[in-house]
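For reference, the structure is listed below as structure tokens.
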Amino acid sequence: MNTPETTQIYRIIPHDEFVSIKDRILYEDNHIIILNKLPGEIVQGDKTGDEPMSEMLKAFIAQKDNKPGRVYIGVPHRLDRPVSGAVIFAKTSKALSRLNKSFKDGELTKKYWALLENCPNPKIGELTNYLSKNERNNKSYIVSKPSPSNKDKNIKEAKLKYQLIAPTQKYFLVEIELLTGRHHQIRCQMAGINCPIKGDLKYGAKRSNKDGSISLHAHTISFIHPTKKTRITITAPTYMEDYILKK
């Protein structure tokens, strides 16, 4: 009697890629995994058809844990493709549901590092703008505060805090805390004060980065663990730390 062949659900990850993914894990338990995203990676599938991190992690976990069946990976939040830094993934549907609710309730704190082309003035500040997203060119614009009669749901209030960490040889390293989560919010609002992010041609940078990235990094995330109910704070290392040393 012939035995049916075992179907390979996920791709086999080559050794070097496997090691790279393993080295980028910032935290993992039975419920969540947090990865230091590289610029160019996409968190969830899009129209490009490129493999998203969610599918990459399914293959990685299946291989690492020798799982014969399907692996669950849920996506509670995202980062733009050219952005790097900490991304949380859920390993169970219960964890995803709880993270989604927690983030909606404002229990997620995200702080980014960015290299700006110009020094912000003042060096510590808070920005409040109204943003409108243009779907055709995938770009957000600062617009006037809508009147009470304006029912345009595409216009949303955006808030962030920033502070200068240090000037570098050519750029200015800042820390930015998001108080709302809007499309391209940091990129649009910093460009709005004539401080475009290094490499971000879409929002007014003078030149691109060689790897197509922009110099924006999700440096620290702090959130309530979905099952332990304790606050976890994770920091993702970044090459931007080297800019401080070179100043």
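Of note:
- Over the residues of the chain, the helix contribution to mean residue ellipticity at 222 nm works out to -5500 deg cm²/dmol, using -39500 (n - 2.57) for each DSSP H run of at least 4.
- Straight-distance crosslink candidates among lysines, where the alpha carbon sits under 18 Å from residue 133 and sequence neighbours closer than 8 are dropped: 145, 151, 153, 156, 159, 202
- Taking 12 Å as the straight-line reach from the Cα of residue 229, the aspartates and glutamates in range (excluding those fewer than 8 positions away in the same chain) are 107.
- Cross-link reach list, aspartates and glutamates versus residue 47, counting only Cα pairs under 12 Å and skipping chain neighbours closer than eight places: none
- Annotation: amide H of residue 180 within the under-5 Å range of 159, sequence separation 5 or more or interchain, hydrogens built in the peptide plane.
- Prolate/oblate/rounded label for region 110-247 (Cα gyration tensor, a/c 1.5): oblate
- Protection proxy ranking, peptides 139-149, 168-178, average beta carbon neighbours within 10 Å, highest first: 168-178, 139-149
- Sorted fewest first by neighbouring Cβ atoms within 10 angstrom, 96, 179 come out as 179, 96.
- Put simply, when 159-166, 128-135, 213-220 are sorted by average Cβ atoms within 10 angstrom per residue, most first, you get 213-220, 159-166, 128-135.
- Overall shape: oblate for region 99-152, with the ratio a/c of the largest to smallest alpha carbon gyration tensor axis at 1.5 or above and b/c at least equal to a/b.
- Angle between the chain longest axis and helix 93-104 axis [Cα atoms, degrees, rounded to 10]: 10 degrees
- On a per residue basis, the convex hull of the C-alpha atoms belonging to region 37-106 measures out at 103 Å³.
- Within-15-Å neighbourhood charge of residue 94 [Cβ basis; K, R +1; D, E -1]: +4
- Amide H contacts under 5 Å for residue 140, placed H, 5+ residues apart: 134
- Simple Cβ-charge dipole of the chain, Lys/Arg +1 and Asp/Glu -1, about Cα centre, in debye nearest 20: 760 debye
All of the numbers you see were taken from the coordinates with simple rules; none came from a lab. Because the structure is a prediction, the values reported are computed rather than measured. Here Cβ is always computed from backbone atoms with ideal geometry, including for glycine, and neighbour counts include all displayed protein chains.
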